[in-house]
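The values are calculated or read from the model by the stated rules, or taken from the named source; none is laboratory data. Just so it is clear, the structure is predicted and the values come from calculations on it, not from any experiment. Note that we place each Cβ from the backbone using ideal geometry, even for glycine, and neighbour counts take in every protein chain shown.
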Amino acid sequence: MPEAVFVPPDFPRYRAVSLLVREIFKRHTDLVEPLSLDEAYLDVTENKTGLPTATRVASTIREQIREELNLTASAGVAPNKFLAKIASDWRKPGGLFVIQPDEVDTFLPPLPVGRLPGVGKVTEARLEKLGIRTVGDLRRLELPTLEGPFGRHGVRLYELARGIDNSPVLPDRPTQSVSAEDTFQHDVPLSETVPLIRRLAEKTWAASRKETRIARTVVLKLRTSEFKILTRSHTPSSPPSSCEELTCIALSLRERVDLDPHQRYRLVGVGLCNFRDAEQTSTQPVLFE
């Protein structure tokens, strides 16, 4: 639109505010697991302020964020991490939603199966072929039925459909990598992967901007039609400083794939890894002309 105003992102400011929000979290518990600049898991089973319930803790944190930083925050309270994630999305923006332990068996079954973590478009399509559209449909399948076609992920699906998630909150877990990948509807030659590599590089770059640390290494991942996984990586002298630079490196890694030109591929992915704190990373020099 001609009248649209484009505001450039201010990631240094976002990172600074993110640290202030985490300071508020730390008043209540040391068990804080950041997921991105604006999202984190908190374990408040035992909280520092002596508040009697997790709901009271969540309400207090939201009030402190609003009063001290003039920001709204959404929160989800639930017995485990994956349910808390679903709850936090339930009343965005600025809402609070609680899933009590005795409500799990009534809350989950009506949900679309795509609401479960790890169920992307490909898995959702495979489940739909089995007649699975809701979490309730998924619950009716026995473990061997899911484990056969989905392997270890089938076990995870079986547990999530029943509200089971025993993964602990891991405080200050450093990001190891960020990536984006996609599967082709039909296997394609390497020469046809360029547009998808560009799109995946854009997604990966956007995801990396949420991190307070800086990635040093670019990775290109390919899966052949025979399900063989290939990876190529490059660590430049200075970290990628733009989406264009990341894309350029990812495309150059494609040139290092030395299989038969007639080889076909079914998946491609672009990733960033080898994260370092900003002060440990040399930045690209500025050139004035």
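The table that follows gives values for the structure above.
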{"item": "Yes/no for residue 208 being surrounded by 17 or more Cβ atoms within 10 Å (Cβ to Cβ) and at pLDDT below 95", "result": "yes"}
{"item": "Residues satisfying the stated conditions in region 115-134, i.e. surrounded by 12 or more Cβ atoms within 10 Å (Cβ to Cβ), free of Cβ contacts under 8 Å to residues at least 40 places away in the same chain and within 21 Å of the chain's Cα centre (by Cα)", "result": "115, 119, 120, 123, 124"}
{"item": "Residue in region 20-34 that is within 30 Å of residue 150 (Cα to Cα) and buried (at least 17 other Cβ atoms within 10 Å of the Cβ) present", "result": "yes"}
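This table checks each residue for (1) under 27 Å from the mean Cα position of the chain (by Cα); (2) at pLDDT 90 or above.
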position	(1), (2)
220	yes, yes
228	yes, no
233	yes, yes
248	yes, yes
253	yes, yes
258	no, no
261	no, no
286	no, no
289	no, no
